[in-house]
Amino acid sequence: MSHQSSSGNTLRVRNLTDEATEADLRELFAPFGAVKSARINKDWKTGRSIGVAFVAFYEHQDAVRAREKLNGYGYNHLLLSVDWTQPKK
C-alpha cells in the first residue's frame, strides 16, 4: 500500500529538538539517498525551530527506506516521528 504525497518523495519529521539544524538533517538522511532539500519550520517571531521539518529526496525509494529506518529513531534524546507529507488541497 503506497502512502505517497503529491510529490511522493517528501517526509515530515516531527519531534526535533531546538538544536537540530538543516545540516544535521541532511547528515541524518543522506545514508538513504540523495537529499533534495531539508527545511526546518521555525517560529516566525523567535526564529527557533518548532520541532517539525521536511526532507525531500530525489528518489521515492530513498524516502521509503529513510521513513522505515528513522521513524521512531532516537535522535538528540527524542524519538523522531517520520511520515509522508499530506497532499495539498
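The values are calculated or read from the model by the stated rules, or taken from the named source; none is laboratory data. As the structure is a computational prediction, the values presented were derived from the model and not from experiment. No Cβ is skipped: glycine too gets one built from the backbone with ideal geometry, and neighbour counts run over all protein chains shown. These area figures cover heavy atoms from the full protein model, side chains too; ligands, DNA and RNA do not enter into them. Shrake-Rupley method; radii C 1.70, N 1.55, O 1.52, S 1.80 Å.
Some points to look at:
- Label-to-label distance, residue 86 versus residue 27, with points set 7 angstrom from Cα along the beta-carbon direction: 3.3 nm.
- Taking amide H positions as modeled 1.01 Å from N, with prolines and chain starts lacking one, the residues under 5 Å from residue 41 and 5 or more places away or on another chain are 50, 52, 53, 54.
- Computed lengthening from residue 15 to residue 68, 0.36 nm per intervening residue step minus Cα-Cα distance: 17.4 nm
- Here the label points at residue 46 and residue 76, each 7 Å from Cα along the C-beta direction, are separated by 1.3 nm in the simple model.
- Measuring nothing but protein heavy atoms, the accessible surface of the chain at 1.4 Å probe radius is 49 percent carbon and sulfur.
- Backbone geometry of region 50-61 corresponds, through the Karplus equation with coefficients 6.51, -1.76 and 1.60 at θ = phi - 60°, to 3J(HN,Hα) couplings of 9, x, 10, 9, 10, 10, 10, 10, 6, 10, 4, 4 Hz, x marking Gly and Pro.
- Loop GluC sites (Glu not before Pro), region 7-89, which have at most 12 other Cβ atoms in a 10 Å radius of their Cβ (DSSP): 19
- Backbone geometry of region 66-77 corresponds, through the Karplus equation with coefficients 6.51, -1.76 and 1.60 at θ = phi - 60°, to 3J(HN,Hα) couplings of 4, 4, 4, 8, 9, 5, x, 6, x, 9, 6, 6 Hz, x marking Gly and Pro.
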